[in-house]
Amino acid sequence: MSRSASADDADALGGLLHRRFSCRAFLPQPVPRPVIERILALAQRTASWCNTQPWRVHVTSGAGTERLRERLYRHAASGAEPLSDLPWPREFRGVQLDRRRRSGFGLYEALGIGRGDMAARTQQGLENFRLFGAPHVAVITSDEALGVYGAVDCGGYVANFLLAAEACGVSACPQAALAHHCDVLREELGVPADRVIVCGISFGYADPAHPANRFRTERAALDEAIDWVDG
């Protein structure tokens with residue numbers, strides 16, 4: 001083992017990875033600004049292609065969050081056509097489709113929503129645009145000129161933001177759904193035309209009593225994800 005690494009480091013990272021979950025019900029209590037800045041400073045250490053660091057992050061608090069929440073929910077509930085800077089997956093197939101279904105059905109089961117209750121499922125989907133009650137949202141954007149490379153780097157930033165938040169006692173939920181209403185985000189947050197909206201991350205303190213926060217997704221075994229090439 002390298003002198004600069006230790007079992008304690010791996011255990012600490014493992015603890016964060018296992019504790020972290022997508023929070024879908026938040027308390028209204030805001031996160032203190034120094035804590036938010038600490039999360040952002042840690043996430044800023046993310047590796048990126050040629051150190052381009054393409055992310056630019058819009059972070060809301062207070063009235064800014066409430067204004068965005070109200071506008072997003074009203075827009076989504078109206079049935080407005082989704083508009084995204086990034087293409088939606090062409091299809092979910094095979095094991096990815098199975099995992100997506102299990103994740104959705106597991107959440108609905110935790111919330112007591114039957115598989116045939118489309119009205120309740122639709123309403124739960126709209127909770128994305130209430131930001132699940134979070135007092136803050138971080139909207140992640142990339143330089144349009146970098147294309148897929150910028151988006152991939154922003155994915156690394158999102159992962160590190162989630163771990164940094166967990167390390168600071170803050171819960172979070174990454175949300176591609178918010179980016180499907182990029183026209184609203186662009187107008188409300190003043191996102192320039194040369195920036196691609198990648199996703200949002202709602203964050204704050206989890207409501208421990210809410211049944212949505214008892215739901216956990218599973219992870220595939222290594223032999224489902226790894227091909228060893230030894231010779």
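The values are calculated or read from the model by the stated rules, or taken from the named source; none is laboratory data. None of these values were measured; they are calculated from a predicted model. A quick note on method: Cβ atoms are made from the backbone with ideal geometry, for glycine too, and the neighbour counts reach across all protein chains shown. Just the protein is used for accessible areas: all its heavy atoms, side chains included, with ligands, DNA and RNA removed. Shrake-Rupley method; radii C 1.70, N 1.55, O 1.52, S 1.80 Å.
At-a-glance table
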| item | result |
| --- | --- |
| Karplus-derived HN-Hα couplings along the range 139-150 (A = 6.51, B = -1.76, C = 1.60, θ = phi - 60°), whole Hz, x at Gly and Pro | 9, 9, 10, 10, 5, 4, 5, 7, x, 5, 5, x |
| Amide hydrogen neighbours beyond the local backbone of residue 136, cut-off 5 Å, H modeled | 203 |
| Considering only the chain, percent of DSSP beta bridges that pair antiparallel, nearest 5 | 90 |
| GNM result for the chain, Cα springs below 10 Å: residue of 194, 153, 98 fluctuating most strongly | 98 |
| Highest-fluctuation residue, 84, 202, 171 considered, GNM on the chain with Cα pairs under 10 Å | 84 |
| Efficiency of FRET from Cβ geometry, residue 37 and residue 144, R₀ 25 Å, rounded to 0.05 | 0.35 |
| Phi-based couplings in Hz for the range 92-102 (Karplus 6.51, -1.76, 1.60; Gly and Pro marked x) | 9, 9, x, 5, 5, 5, 4, 5, 4, 5, 4 |
| Counted charge near residue 126, where neighbours are those whose Cβ lies closer than 13 Å (Asp, Glu -1; Lys, Arg +1) | +3 |
| Carbon and sulfur %, accessible surface of the chain computed with the full protein complex present, 1.4 Å | 54 |
| Cα centre as origin, Lys/Arg/Asp/Glu Cβ charges: the range 1-99 dipole, Debye | 160 |
| Extension gain from residue 214 to residue 80, taking 0.36 nm per residue of separation minus the Cα-Cα distance | 45.1 nm |
| Gyration tensor (alpha-carbon) shape descriptor, the chain, a/c threshold 1.5 | rounded |
| Computed over the range 135-231: relative contact order in percent, which uses C-alpha pairs under 8 Å that are six or more apart | 38 |
| Rel. contact order, % - alpha carbon contacts under 8 angstrom, at least six apart, the chain | 37 |
| Choice from 203, 92, 21 with maximal GNM fluctuation in the chain (Cα, 10 Å cutoff) | 92 |
| Cα centroid separation, the range 21-98 to the range 163-231 (Å) | 7 |
| Cut-off under 5 Å, modelled amide H: who pairs with residue 207 long-range | 25, 26, 27 |
| Residue-averaged [θ]222 nm for the chain, counting only DSSP H segments that reach four residues, each worth -39500 (n - 2.57) | -13500 deg cm²/dmol |
| Cα→Cβ-extended label distance, 7 Å offset, between residue 29 and residue 17, nm | 3.0 |
| Full-extension gain in nm, residue 88 to residue 73, via 0.36 nm per residue minus C-alpha separation | 3.4 nm |
| In Hz, Karplus ³J(HN,Hα) per residue of the range 77-85 (6.51, -1.76, 1.60; θ = phi - 60°; x = Gly, Pro) | 5, 6, x, 4, 5, x, 9, 10, 6 |
| Other-chain or far-sequence residues with amide H under 5 Å of residue 195's (modelled H) | 144 |
| Residue-span extension gain [residue 120 to residue 152] - 0.36 nm each, minus C-alpha spacing | 8.1 nm |
